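Structure first, commentary second.
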Amino acid sequence: MVLQRLAGVDGLYLVGGYLRDACWGLPTRDIDLAAAAPLEPVVAELDRRLGGAAFELNNRFGSYRLVLPDFELDLSPLHPDGLAADLARRDYTVNALVYPVAALGPRADASALLADEQALADLDARLLRMVSADNLADDPVRLLRGLRLLATRALRLDPATEQALAELSGQLWESAPERLHEELLRWFGADGDIVPVIETAADTGLLWQLFPELRAAVGCGQNDFHHLDVWEHTLLALRALEQLRREPPPELAAWRAELAAAGEEPVSGAATAGALTRLALLLHDIGKPSTREVQPDGHVSFYAHQSVGAELAGEQLAKLKFAGAETDFVLTQIRQHLRLGFYSDHDPIPPRLIYRYMRHLGTGVPLAVLHALADCAATRGAANADGWARHVRAAAELLENYYEQSTAAAPPALLDGHAIMQLLGIKPGPVVGELKNDLLEATAAGEVADVAAAEEYIRARFAEL
């Protein structure tokens, strides 16, 4: 155990989240530590005892992080005026806890725990209460951390704290975007339903600080395909996604385990595919307000809203310092969220379309399918029974092809780029990739079955370009 290896380090304290979760009997890989400044000697001792190398996490607050295989340790300086002053500067009462590492052991002394006067009662009541508004303002990422705690620890929000979150929301971007990015992904990676916390984020204005263009979704009326405005539709779609992940339709039951595993797949060191699918669904219609048009016949259209939405979302994800793989995952789902609906008009789906779906979504197919089903579930209410049935049938067909790796989903490459260039006597360029993809699509459709037919197809296709 990591903490046992720290026994005997004088002046080192467990603080905050680790103690909070221990009080609730929850396992955690995050260990928060504090010691009197300067921290460099303590950092050197941690490195010596635990291995690895701590790095500076936050220059302003002088904190360090040490990443181990099963744990992540954060070390921060104690308040120079002592432990009581340190407790008084914490963000939330449930985090205002301090315990000396030296007191750990088989006979740990409970009386050695120091806590904010409201901490233990709030831990008991699972209530998120700020220590003070000034503490939140001092480090505004704490506003987002509060939302994350509401989602990951199933807490109730103290009304005065909710008011403070709203009043301070405009200061959110005073924190480094990398820290906002980390809190956002941990929030969206929470187990269970995150929709109530998203609603709290909207009510306090924090959500609009993160994604300003999303605010216009509130009250944005839609067309006959919908019974709710864009914002209420989005919330209902997110609720539907949670239900689909818990209990897929019977037609998808054969892939229940695979769909659950797909949500846990890491896209980056900070994000799972499940967390990013939630974020993509939150943002999937962000382009609708700016593309809304009322046609002469009264029909409301949102032409190209998925492409416009991907551009708008991409700008904010870049501002939040999302990694390239994270951004690609989210934007691909936004751009492609209508594709399954278009394909549901076909029974069966033509092999060419199956191939295109796989090519556009790649390994993101399982969660893109759930995304599209959640979107469909949030349209027109009971009047959408027929549309829902078609979507589920199409989803089952796509998943079967994906997991069975059918010829339509993964056609063999009869000719690679080099063979195509040699066959045509051409140099590398975009046309080679275009021809290669056209050949794969023709192979998926069963129009080309061997190398000779592939060469004939490439010659004929090249002559058309």
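The values are calculated or read from the model by the stated rules, or taken from the named source; none is laboratory data. Just so it is clear, the model here is predicted, and its values are computed rather than measured. Cβ: placed from backbone, ideal geometry, glycine included. Neighbour counts: every protein chain shown.
May I ask you to say which residue of Glu311, Glu326 is assigned to a helix (DSSP H, G or I), acidic (Asp, Glu) and touching a helix residue (DSSP H, G or I) at 6+ places or on another chain (Cβ under 8 Å)?
Glu326
Output the helices (runs of 4 or more DSSP H) that fall wholly within the range 233-292 and possess 1 or more residues being aliphatic (A, V, I, L, M), or say none.
It comes to 256-264, 273-283.
Residues that are assigned by TED's automatic domain parsing to the domain that holds Asn95: which helices (runs of 4 or more DSSP H) entirely in the range 116-160 hold 1 or more of them?
By residue number, 119-125.
Could you tell me how many of the residues in the range 22-74 are among the acidic types (Asp, Glu) and either free of Cβ contacts under 8 Å to residues at least 24 places away in the same chain or touching a Lys or Arg at 6+ places or on another chain (Cβ under 7 Å) (or both)?
6
So if I check each of Tyr402, Tyr355, which one is farther than 30 Å from Glu242 by Cβ and within 27 Å of the chain's Cα centre (by Cα)?
Tyr355
Among the residues of the range 396-417, which ones are in a loop (DSSP other than H, G, I, E, B) and either closer than 15 Å to Ala368 by Cβ or of a type in the set (Val, Ile, Thr) (or both)?
Thr407, Ala409
Out of (1) assigned by TED's automatic domain parsing to the domain that holds Ala240; (2) among the hydrophobic types (A, V, I, L, M, F, W, C); (3) crowded, with 16+ Cβ neighbours inside 10 Å, the odd one out for Ala389 is which?
That leaves (3) as the condition not met.
Going through the range 1-46 one residue at a time, which ones are among the small types (Gly, Ala, Ser) and assigned to a loop (DSSP other than H, G, I, E, B)?
Ala7, Gly8, Gly11, Gly16, Gly25, Ala36, Ala37
Which one is surrounded by the fewest Cβ atoms within 10 Å (Cβ to Cβ), of the residues in the range 213-256 that are at pLDDT 95 or above and polar (S, T, N, Q)?
Per the criteria, the residue is Gln243.
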